[in-house]
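Presented below is the structure to which this report refers.
Derivation of every value follows stated rules applied to the coordinates shown; laboratory data play no part. A quick note: this is a predicted structure, and the numbers were derived from the prediction, not measured. Backbone-built Cβ (ideal geometry, glycine too); neighbour counts: all protein chains shown.
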Amino acid sequence: MSVAGVIVGGMANTSDGVIPQRVDWDAQAAGFDEEPDHGLRAPEVRRAWADRLRAWLPERASDVLDLGCGTGSLSLLAAEQGHRVTGVDSAPAMLDRARAKLAGRDARFLLGDAAAPPVGERRYDVVLVRHVLWTLPEPARVLRHWRDLLRPGGRLVLVEGVWGTVSPVGIPAGRLTALLAPLAAEVRLERLSDEPLLWGKAVDDERYAVVALLPPLPGHRAKADPDAP
């Protein structure tokens, strides 16, 4: 789930990432959408994210796995653009809000860990993750697992950053692109710090998106999602 704007204490650096102090995301759920970039309630913020998502996702209707989906704001934008969405989050209260937000849409929501989502053998065209990877230990291992959830020619769409100045937390763009380089045919970096409409305010920390494209594999047919039409 998105964590920008939520203070997470007790950060401990490791060789592979940071391990945050556990946050009660169920308790956070009621007020989570009050952050402009969480709830996307302001029309201009919502429009800015919709435009970015349209550029990052495939043009054709696709199967999108939204990991750490929170209250489902990005899931809703993806569904509105014609994609079939599966959202995963570890907080039941977040999922309750996501299900209500996407009622009647081509979407389903699962309770589980973003690092090891409970999707079985299903494969997706897109794994979409915003402000989650930096909270997980062993990001290289997690990225490899997320890659394996994709069909040939699929893509990882990761929105991340580094927040704070005194004790910054997050994952720098250079580190993430280096982790993705051996996993993808192409890695595209898009800087987002100078886009105040995305955040509902001006920001001066590092914020960015990375789209990592997998190569198509001729002759290889990944197992399709049995729930997809």
Would you mind computing, in nm to one decimal, how far apart the modelled labels at A42 and H145 are, each placed 7 Å from Cα along Cα→Cβ? 3.6 nm
Under the Karplus relation with 6.51, -1.76 and 1.60 and θ = phi - 60°, whole-Hz ³J(HN,Hα) for the range 202-215, x at Gly and Pro, equal 6, 10, 10, 9, 7, 9, 7, 10, 10, 10, 10, 9, 8, x
Sorted by average packing, counted as other Cβ atoms within 10 angstrom per residue and highest first, what order do 176-189, 82-95 take? 82-95, 176-189
From the backbone phi of the range 155-167, what are the Karplus-calculated ³J(HN,Hα) couplings (6.51 cos²θ - 1.76 cosθ + 1.60, θ = phi - 60°) in whole Hz, Gly and Pro given as x? 8, 9, 10, 10, 10, 9, x, 10, 10, x, 10, 6, 10
Rounded, prolate or oblate: pick one for the range 36-151, where a ≥ b ≥ c are the square roots of the eigenvalues of its C-alpha gyration tensor, a/c under 1.5 means rounded, and failing that, prolate if a/b is larger than b/c, else oblate. rounded
Nearest 0.05, what FRET efficiency do R108 and K201 give at R0 = 30 Å with Cβ-Cβ as r? 0.35
Amide H neighbours of C69 at under 5 Å, excluding residues fewer than 5 places away on the same chain, with H built from the backbone geometry, are V88, D89
At 0.692 mPa s and 37 °C, Stokes D of the range 73-229 from Kirkwood alpha-carbon radius, µm² per second: 196 µm²/s
By the mean-Cβ-within-10 Å protection proxy, highest first, 164-170, 72-78 rank as 72-78, 164-170
For the range 43-101, state which GluC sites (Glu not before Pro) are in a DSSP loop and have at most 11 other beta carbons lying within 10 Å of their beta carbon. E59
Reduced to Cα centres, the span from the range 52-101 to the range 171-195 in Å works out to 21 Å
